[in-house]
Amino acid sequence: MFDDYERARHSVTKLHVHLIFTTKYRRKVMTPEVLESVLAALKIAAEDLGCSLLEANGEADHVHLLVSYPPKVSISEMVNRFKTRSSRKIREEYPGILDGGKTGLFWSRSYFACSVGGASLEVLKKYIENQTTD
C-alpha cells in the first residue's frame, strides 16, 4: 500500500506540487532548444534537493513542472533553486537571450504552486506532457 511513499525515520510522505514559472514580462524566449536546456537544469536542481521531476514541459514563455519532494524542502526554497540554476545555465549557453529586456532577468519573480495528489496526478501528467512550444 505504501510502496510509492517516501519513508523517513519519523514520517511517511507522498508530496507533489505543480509549479508554473513564467519568463520575465512573458517574453517568448524559450525555443525548443532553450526549453530543453531549461528542463535539463531543472532536473539537476531537483536532484540536488532530493526532489524528483516527474513531468516537465513548457511553451515559449512558461514551464509546467510536476515535482515530488521530501518534507524537509520548502516550496519557496525549491522554486528559488530551480529558477537560479536554470537562469544561470541559460545565461551561459545563450548569452544574448536577454538582450533587449528591461531587467536582464530570465524568470518573473512570481510563480504558481499547487499541491497535487491521488487520482489527479495522472491527469496533470497528461496535461504537462501535452504542452508544446510554438
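The values are calculated or read from the model by the stated rules, or taken from the named source; none is laboratory data. What you see is a predicted model, and the numbers here were worked out from it, not measured in a lab. Reconstructed Cβ throughout: ideal geometry from the backbone, glycine too, with neighbour counts over all protein chains shown.
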(message) Let me confirm something: among Ser86, Ser68, which residue is surrounded by 15 or more Cβ atoms within 10 Å (Cβ to Cβ), hydroxyl-bearing (Ser, Thr, Tyr) and under 10 Å from the mean Cα position of the chain (by Cα)?
(response) Ser86
(request) Quick one: count up the residues across segment 46-62 that are free of Cβ contacts under 8 Å to residues at least 60 places away in the same chain and buried (at least 21 other Cβ atoms within 10 Å of the Cβ). (result) 2
(message) Conditions first: (1) of a type outside the set (Lys, Arg); (2) at pLDDT 95 or above; (3) under 30 Å from Gly96 (Cα atoms); (4) out of contact with any Asp or Glu (no Cβ under 6 Å at 6 or more places or on another chain). Leu54 passes all but one, so which condition is the exception?
(response) (3)
(request) State all residues of segment 1-21 that are surrounded by fewer than 17 Cβ atoms within 10 Å (Cβ to Cβ) and in contact (Cβ under 8 Å) with a residue 12 or more places away in the chain; if no residue qualifies, say none. (result) Glu6, Ala8, Ser11, Thr13, Lys14, Ile20
(request) Please specify each residue of segment 1-23 satisfying the condition of being part of a loop (DSSP other than H, G, I, E, B) and either among the polar types (S, T, N, Q) or under 12 Å from the mean Cα position of the chain (by Cα) (or both). (result) Ser11
(request) Consider Ser76 carefully, then state whether it is in contact with a strand residue (DSSP E or B) (Cβ under 9 Å, 6 or more places away or on another chain), among the hydroxyl-bearing types (Ser, Thr, Tyr) and surrounded by 17 or more Cβ atoms within 10 Å (Cβ to Cβ). (result) no
